[in-house]
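All remarks here apply to the structure that follows.
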Amino acid sequence: MERQQRFMSEKDEYQFQHQGAVELLVFNFLLILTILTIWLFKNHRFRFLHETGGAMVYGLIMGLILRYATAPTDIESGTVYDCGKLAFSPSTLLINITDQVYEYKYKREISQHNINPHQGNAILEKMTFDPEIFFNVLLPPIIFHAGYSLKKRHFFQNLGSILTYAFLGTAISCIVIGLIMYGFVKAMVYAGQLKNGDFHFTDCLFFGSLMSATDPVTVLAIFHELHVDPDLYTLLFGESVLNDAVAIVLT
């Protein structure tokens, strides 16, 4: 028994090292490919495709390869359908199995239609980018640099237009997107894909407020390289900064 446990631990360690090597190889390959693409675009001056768009295409292709070409990890999975003492979904769960305590973390909610246990892909899960890292780590320096290099004279000259786009434009966008989503929800209820009451009109408006708060980082980078009119750049940047506050109020 002890020899078997030692063999399983060595096997798990080997799989962990192998996955780490594959992840580093994929990251380095994408990084080198993106750098070469940027160098190619800078030298040949492609105007119909930006290097950020090429990087997104590379990431999309690599994600499809990892999703459909890699085999799922050989893991043991079990399903417990009834936890009578749990009235909520805890973020961390400690389970005692044969005098061994194991820690499990909350991952996501599974629909009733897809409750069967399934095998996961560890490489795909680690390669999936966490959006919180982008919003909390990568996005603030980009916004700070754009605001620091912004010309204040153009910003205050167009303050009225910026406030109009930020407040009125975001509210109109929220209502329009919410109505469109509510129409799709009603169509899915009529088709039998959803039950009546799963999504309310307030949920659709909540989704509309989230989608209305856009951060056009790529568009601002393209405008900066093309040296567009300063007023146009100021309008877009000012609206993108203030619409987040409007979206928070709407939610």
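Remarks
- Peptides 96-107, 132-143 ordered by packing proxy, namely the average of other Cβ atoms within 10 Å per residue, highest first: 132-143, 96-107.
- Rg(Cα) / (2.2 N^0.38 Å) computed for the stretch 131-250, rounded to two decimals: 1.29
- The protection proxy used here, the mean number of other Cβ atoms lying within 10 Å of each residue, ranks peptides 211-224, 24-37 as follows, highest first: 211-224, 24-37.
- Span from the the stretch 175-236 Cα centroid across to the the stretch 21-39 one, whole angstrom: 32 Å
- Each Lys or Arg adds one and each Asp or Glu takes one away; over the other residues whose Cβ falls under 14 Å from the Cβ of Lys42, this sums to 0.
Read-outs: derived from the displayed coordinates by stated rules, not from any lab. What you see is a predicted model; the values in this text were computed from it and never measured. Here Cβ is always computed from backbone atoms with ideal geometry, including for glycine, and neighbour counts include all displayed protein chains.
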